Amino acid sequence: VFDRIDHVGVAVDDLDAALELYRDRLGMREQHRETVGEFGVEAVLLEVGEGHVELLEPTSEDSAVGRFLARNGPGMHHVAYQTADIDAALGQARDAGLRLIDESPRTGIRGSRVAFLHPQATGSVLTELVEPAH
Ligand code: CO
């Protein structure tokens, strides 16, 4: 059900400073920038082959990423796996007894459908499932 790694999510407190690193110094192409209201973040996708780095700056302190930054500071936030059928992937995780954050998919960046598994169920690695918009 998991087709490939879609992106690695990185929490940042300053998107433009992070772009100076990833885009200007590491040379990754900036592909997309979007404020994702559902998650309270401004996000940038950088191109890494078919995958991405997703930089996330919270737009509010009580968003999940805002709370993460307050607790941990900037750094690696989540890994996202791409699936062609997120309902099946989520059902598989549920049937396996894994704790979910999202019982049903939400709308993520670029109109994708996304859902998070609870890090307590995944060895403290926050795990996202992504079904790209068709
Ligand atoms: Co993500």
So, in region 82-91, how many residues would count as being open to solvent by 20 Å² or more (accessible area, probe 1.4 Å) and within 16 Å of the ligand (Cβ to nearest atom)? 1
Would you point out the residue of region 64-81, among those that are out of contact with any Leu (no Cβ under 7 Å at 6 or more places or on another chain) and in a strand (DSSP E or B), that is surrounded by the fewest Cβ atoms within 10 Å (Cβ to Cβ)? G75
Answer from R71, R33 - the residue that is out of contact with any strand residue (DSSP E or B) (no Cβ under 9 Å at 6 or more places or on another chain) and not hydrophobic (A, V, I, L, M, F, W, C): R71
Condition (residue is crowded, with 18+ Cβ neighbours inside 10 Å and within 13 Å of the ligand (Cβ to nearest atom)) applied to region 25-33: is it met by at least one residue? no
Among the residues of region 1-17 satisfying the criterion of being farther than 30 Å from D85 by Cβ and more than 15 Å from the ligand (Cβ to nearest atom), which is least open to solvent (accessible area, probe 1.4 Å)? A17
Working only within region 92-134, note down all residues that are within 16 Å of the ligand (Cβ to nearest atom), surrounded by fewer than 20 Cβ atoms within 10 Å (Cβ to Cβ) and acidic (D, E). D102
Pick from region 34-61, criterion within 13 Å of the ligand (Cβ to nearest atom) and in a helix (DSSP H, G or I), ranking: most open to solvent (accessible area, probe 1.4 Å): E38
Using beta carbons and a limit of 6 Å, which pairs, at least six apart or on different chains, have the first residue in region 28-41 and in contact (Cβ under 8 Å) with a residue 24 or more places away in the chain and the second one surrounded by fewer than 12 Cβ atoms within 10 Å (Cβ to Cβ)? G40/S60
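The values are calculated or read from the model by the stated rules, or taken from the named source; none is laboratory data. Since this is a predicted model, take the numbers as computed values, not measurements. For neighbour counting, all protein chains shown are included, and Cβ atoms are generated from backbone atoms with ideal geometry for every residue, glycine included. SASA here: full protein model, heavy atoms, side chains in, ligands and nucleic acids out. Shrake-Rupley method; radii C 1.70, N 1.55, O 1.52, S 1.80 Å.
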